[in-house]
């Protein structure tokens, strides 16, 4: 019986050591901002980037000649989504675009895409709470509380 108790106790200790520590939301945001700023610094993009009040950092490569979309619009985009380490987790292929109702997208895209005009292109670094937070897509390379980067071209507004 004593050996069983020791075995259970050892198992609990091992499990506790491997468990990810959940930060308070404000601490997670601070950690994400630090990661984003380090990425921008390491890639010589800090002077180019702007900070949105939401915590998104972004830079617009091409403003575009069209209008800005509204949250109720359907948008067609070309995009690439990747992690801070460069791992691509999703993208459109070639010149293909994909259409979405803007209001149905992750919060980061609902903020980022209206910063573009139709025909514009930008890069957006999203703190984890504006992406998938603690709930990344199943079987994805996206981890819990992962900062996401998106290169987005706003092709069309419907």
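The values are calculated or read from the model by the stated rules, or taken from the named source; none is laboratory data. No experiment lies behind these values; they were computed from the predicted model shown. Backbone-built Cβ (ideal geometry, glycine too); neighbour counts: all protein chains shown.
Just the residues that are surrounded by fewer than 19 Cβ atoms within 10 Å (Cβ to Cβ), under 24 Å from residue 73 (Cβ atoms) and either modelled with pLDDT of 95 or more or out of contact with any strand residue (DSSP E or B) (no Cβ under 9 Å at 6 or more places or on another chain) (or both), please, taken from the range 130-158.
Hits for the range 130-158 are 151, 156.
Could you list all residues from the range 117-129 that are part of a loop (DSSP other than H, G, I, E, B) and out of contact with any strand residue (DSSP E or B) (no Cβ under 8 Å at 6 or more places or on another chain)?
127 - this is the single residue of the range 117-129 that is part of a loop (DSSP other than H, G, I, E, B) and out of contact with any strand residue (DSSP E or B) (no Cβ under 8 Å at 6 or more places or on another chain).
Does at least one position in the range 37-55 carry a residue that is in contact (Cβ under 8 Å) with a residue 60 or more places away in the chain, outside any loop (DSSP other than H, G, I, E, B) and closer than 13 Å to residue 125 by Cβ?
yes
Return yes or no: is residue 82 part of a loop (DSSP other than H, G, I, E, B), within 23 Å of residue 25 (Cα to Cα) and either touching a strand residue (DSSP E or B) at 6+ places or on another chain (Cβ under 9 Å) or free of Cβ contacts under 8 Å to residues at least 12 places away in the same chain (or both)?
no
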